[in-house]
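The values are calculated or read from the model by the stated rules, or taken from the named source; none is laboratory data. The structure presented is a predicted model; accordingly, all values stated were derived computationally and were not measured. Note: ideal-geometry Cβ built from the backbone for every residue, glycine included; neighbour counts use all protein chains shown.
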Amino acid sequence: MASRRDFLTAFKKPLEKIVQQESVELIVRPPYGSTEALFQSSCILCDSKACMPSCEEKIIVIRSDGTPMLNFTQKGCTFCEACAIACDSHVLSLENIYTSERINAKFVISTEACVAHNGVICFSCKEPCIDDAILFNGMFNPVIDMDLCTGCGYCFGKCPTNAISYNAKKIDDMKDVS
């Protein structure tokens, strides 16, 4: 005779598959993109991948699926427009006003890992912030002002304790940000 646990486990496996199918990996894309669907349909057909070598900061990498993403480990985005100008398939375009000066990333400072939140004077994240989006309470307790943050990523690679992390936002939802 089957136990109650076995009975309930039989329902769990199909539900896990549904959850896995619904969770779409969100990737941090270069600025100037309009929709994720356009990245998925046009970038995979692009032979030149001209956006990557055009990036003066060298933060655009091409994923295994043929689409571009940003890697903030060393530098951030200056919004120089070179990737949009180089894009032959017009996935990246200077006409995309909602994503022209914003990247689909939300940055967060961990209060546990941040030395400034633990009484040590450190401005490693504030100094490279081109938007002055990192605010301090005196010399301690940095916070990111989401209204000012463009998601450029310069703070991420500069933090000596890796206290800054980020999550990708849906590009299609960025129209609400402006």
Pairing a residue in segment 131-155 that is without any contact (Cβ under 8 Å) to a residue 12 or more places away in the chain with any residue that is acidic (Asp, Glu), where Cβ atoms lie under 8 Å and the two sit 6 or more apart in sequence or on different chains, gives Leu135/Asp145
Residues of segment 130-145 being modelled with pLDDT of 95 or more and part of a loop (DSSP other than H, G, I, E, B), in sequence order, are Asp132, Ala133, Asp145
Every listed condition ((1) surrounded by fewer than 15 Cβ atoms within 10 Å (Cβ to Cβ); (2) assigned to a loop (DSSP other than H, G, I, E, B)) holds for Ile103 save (1)
Modelled with pLDDT under 90, within 17 Å of the chain's Cα centre (by Cα) and either over 27 Å from Asn162 (Cβ atoms) or surrounded by fewer than 12 Cβ atoms within 10 Å (Cβ to Cβ) (or both): does that describe Ser3?
no
Looking across segment 112-144 at residues that are buried (at least 16 other Cβ atoms within 10 Å of the Cβ) and in contact with a Lys or Arg (Cβ under 8 Å, 6 or more places away or on another chain), the single one that is farthest from Thr78 (Cα to Cα) is Pro142
In segment 25-43, anything assigned to a loop (DSSP other than H, G, I, E, B), touching a helix residue (DSSP H, G or I) at 6+ places or on another chain (Cβ under 7 Å) and surrounded by 22 or more Cβ atoms within 10 Å (Cβ to Cβ) is listed as Arg29, Pro30, Tyr32
Among Pro53, Pro30, Pro68, the single one that is at pLDDT 95 or above, more than 16 Å from the chain's Cα centre (by Cα) and closer than 18 Å to Ala84 by Cβ is Pro53
Residue count, segment 83-95, condition buried (at least 20 other Cβ atoms within 10 Å of the Cβ) and either small (Gly, Ala, Ser) or not in a strand (DSSP E or B) (or both), comes to 4
Scanning segment 66-80 residue by residue, the ones that are touching a residue at least 24 places away in the same chain (Cβ under 8 Å) and in a loop (DSSP other than H, G, I, E, B) total 10
Those residues of segment 151-178 which are crowded, with 19+ Cβ neighbours inside 10 Å, β-branched (Val, Ile, Thr) and over 15 Å from Val115 (Cβ atoms) amount to Ile171
Quiz prompt | Condition met for Cys46 (buried (at least 17 other Cβ atoms within 10 Å of the Cβ), modelled with pLDDT of 50 or more, of a type in the set (A, V, I, L, M, F, W, C) and more than 21 Å from Phe79 (Cβ to Cβ)) | solution = yes
